[in-house]
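Data block below; observations after.
What follows is calculated from the coordinates using simple rules that are stated; it is not laboratory data. These numbers were taken from a predicted model, which means no experiment stands behind them. When we count neighbours, we look across all protein chains shown, and the Cβ atoms used for this are built from the backbone with ideal geometry, even at glycine.
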Amino acid sequence: MSFFVDSFFSALSLMRSLDPELMTVVGVSLKVSCLSTLAASLVGVPLGLGIGFSEFPGKRGVITLLNTLLALPTVVIGLFVYSFISRRAVFGSLDLLYTQNAIVIGQFFLILPIVATFTLSAISRLDDRYRRTAMTLGATRLQTGLVVLREARFAIMAAVVAAFGRVISEIGISMMLGGNARGFTRTMTTAMALEYDKGEFVLAVALGLVLMSISLLVNVALNLIQGRGGK
């Protein structure tokens, strides 16, 4: 127990001093996580809206596929992306492997089903009168989508937050596609795993505290926004 307490207070001291290595790792994690979440949101939200508004053969199969992809292991996505960006692969000439861009690409595929599925679920729970009223008033398909998007904005924001929480805490993709290069592709989770293997727990505990703090702040911010919007 004393070992954990000593590591905990040493980690707090490391955080207060803004240790350069700690800040670099946190910065890399935030950068790749924010970029992948932004990209997945720009694609996933319209995808969810499109599936929800459209009637086409195989729609149920597409929805089932998206739900299945929610449980896809990160190592599978890592292998899939690796097979396309490795040195001898189709996109090997782009030199993406073991870069931050490679991590962003892998994380994008990881959370795209989350954003799309949760968006689809959010608009499916809305009263269909919103859509019918907008169309009756002469709204275009795009305008109708914006009306529905506005009504479901808090649920969609929750989907984006869930996606962000998924990528900032994943390790398989970051390790396989980023390579855990110090100061370049080392994220909080890969650094924690490395420090654990080395038997150095202070930095690992500090990174764990930062990771939990970021998740807490993001969720508190979402709750505040939802609370103000509900008034």
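Overall, the chain carries a charge dipole of about 900 debye about its Cα centre when +1 sits on the Cβ of Lys and Arg and -1 on the Cβ of Asp and Glu, all other atoms neutral. Here the simple spin-label model places points 7 Å from the Cα toward Cβ, and for residue 83 and residue 60 these points are separated by 3.0 nm.
Look at the alpha carbon pairs under 8 Å that are at least 6 residues apart: their mean separation over the length of the range 24-229 gives a relative contact order of 29 percent.
In terms of other Cβ atoms within 10 Å, 157, 212 run from fewest to most in the order 212, 157. By how many degrees, between 0 and 90 and to the nearest 10, does the Cα long axis of helix 20-53 differ from the longest principal axis of the chain? Taking the Cα atoms of the chain, the angle to 20-53 is about 20 degrees.
Taking only the Cα atoms of the chain, the radius of gyration and Dmax are 20.6, 69 Å. Listing 198, 31 from fewest to most neighbouring C-beta atoms within 10 Å gives 198, 31. Working ranking of peptides 68-77, 99-108 by packing, defined as the average number of other Cβ atoms within 10 Å per residue, highest first, is 99-108, 68-77. Averaging Cα coordinates gives a centre for the range 64-133 and one for the range 167-231; these two points are 19 Å apart. Counting only alpha carbon atoms, the long axis of helix 153-168 and the longest principal axis of the chain meet at about 30°.
Label positions at residue 24 and residue 126, each projected 7 Å from the Cα along the C-beta direction, are separated by 4.6 nm. For the listed peptides 184-194, 53-63, 146-156, a ranking on the average number of other beta carbons within 10 Å per residue, highest first, reads 184-194, 146-156, 53-63. Put +1 on the Cβ of each Lys and Arg and -1 on the Cβ of each Asp and Glu in the chain; which of 201, 41, 219 then has its Cα farthest toward the positive end of the dipole? So the residue we want is 41. When each of the peptides 14-23, 34-43, 167-176 is scored by how many other beta carbons lie within 10 Å of its residues on average, the order from highest to lowest is 167-176, 34-43, 14-23. In degrees, nearest 10, range 0 to 90: what is the angle between the Cα axis of helix 100-124 and the longest Cα principal axis of the chain? With rounding to tens, the tilt is 40 degrees.
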